[in-house]
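Note sheet for the following structure.
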Amino acid sequence: GQVPSSEPLIIEKIVLPLCKALNAMHSHNILHLDIKPENIVIDENGEAVLIDFGVAHLYDNEGRLVSSRDTHSTSPFSAPENQNGQMRYFEPRSDIFGAAATLFALISNNYIPAPISKHEEKICAEEIMNCSQQMKDAILEGLNIYINDRPTNAKMFLNNFPGCENIKL
């Protein structure tokens, strides 16, 4: 009952705070790696707050793991390259997938997201999302199965959403 239902409110209260959190983490080479609906709570101002850093990892500027933790996410909201702990190169685009997957579930009334690799999959995903085409495109770009086809960072991801084209983080 605390989740906003209009697209502008979703962008203001969920997308923007989530991208700010990702930008702050990634600027310190921290990946959350377990972004999913259960790990986002709504605060007293109605804004999204990212929680549960149990599988977070530190990485260096070359994408190599710095932390020695052996945990990984098994969530369907986790990026394909992070499934079963197979991730070898660490970078923000893996968290972008989790954010996009979470937004997809919100917009599509809790459908579990799947990585998008074909045009037909994109069309099917578009049909179950209840939002503008620009918002659909932003979310689906983040759900791309190929890491190099996702937005590079939280700012680029945010700038794909309606009304967010020039927001700086």
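Worth pointing out:
- Qualifying residue in the range 37-44 (condition: at pLDDT below 90, part of a loop (DSSP other than H, G, I, E, B) and either within 16 Å of the chain's Cα centre (by Cα) or not β-branched (V, I, T) (or both)): no
- Note on the range 65-92: among residues that are in a helix (DSSP H, G or I) and at pLDDT below 80, the one that is most open to solvent (accessible area, probe 1.4 Å) is N84.
- Any chance H32 is of a type outside the set (A, V, I, L, M, F, W, C), touching a strand residue (DSSP E or B) at 6+ places or on another chain (Cβ under 8 Å), farther than 19 Å from I107 by Cα and in contact (Cβ under 8 Å) with a residue 40 or more places away in the chain: yes
- Counting only residues that are within 17 Å of I10 (Cα to Cα) and either in contact (Cβ under 8 Å) with a residue 60 or more places away in the chain or surrounded by fewer than 17 Cβ atoms within 10 Å (Cβ to Cβ) (or both), the range 160-169 holds 6 of them.
- Residue among D95, D149 that alone is open to solvent by 60 Å² or more (accessible area, probe 1.4 Å) and either among the charged types (D, E, K, R) or on the phi > 0 side of the Ramachandran plot (or both): D149
A quick yes/no check of all residues on (1) in contact with a helix residue (DSSP H, G or I) (Cβ under 9 Å, 6 or more places away or on another chain); (2) open to solvent by less than 40 Å² (accessible area, probe 1.4 Å):
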residue	(1), (2)
S5	no, no
P8	no, no
I11	yes, yes
K20	yes, no
H26	yes, yes
N29	no, yes
H32	yes, yes
P37	yes, no
G46	yes, yes
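- Condition check for F104: under 21 Å from L18 (Cβ atoms) and open to solvent by less than 40 Å² (accessible area, probe 1.4 Å): yes
- Of all residues making up the range 119-149, the number that are touching a residue at least 60 places away in the same chain (Cβ under 8 Å), assigned to a helix (DSSP H, G or I) and either small (G, A, S) or over 24 Å from Q83 (Cα atoms) (or both): 1
The values are calculated or read from the model by the stated rules, or taken from the named source; none is laboratory data. Quick caveat: nothing in here was measured; it's all calculated off a predicted structure. Because the Cβ atoms are built from the backbone with ideal geometry, glycine has one as well, and the counts that use them run over all protein chains shown. Protein only, heavy atoms only, side chains kept; ligands, DNA and RNA dropped before computing areas. Shrake-Rupley method; radii C 1.70, N 1.55, O 1.52, S 1.80 Å.
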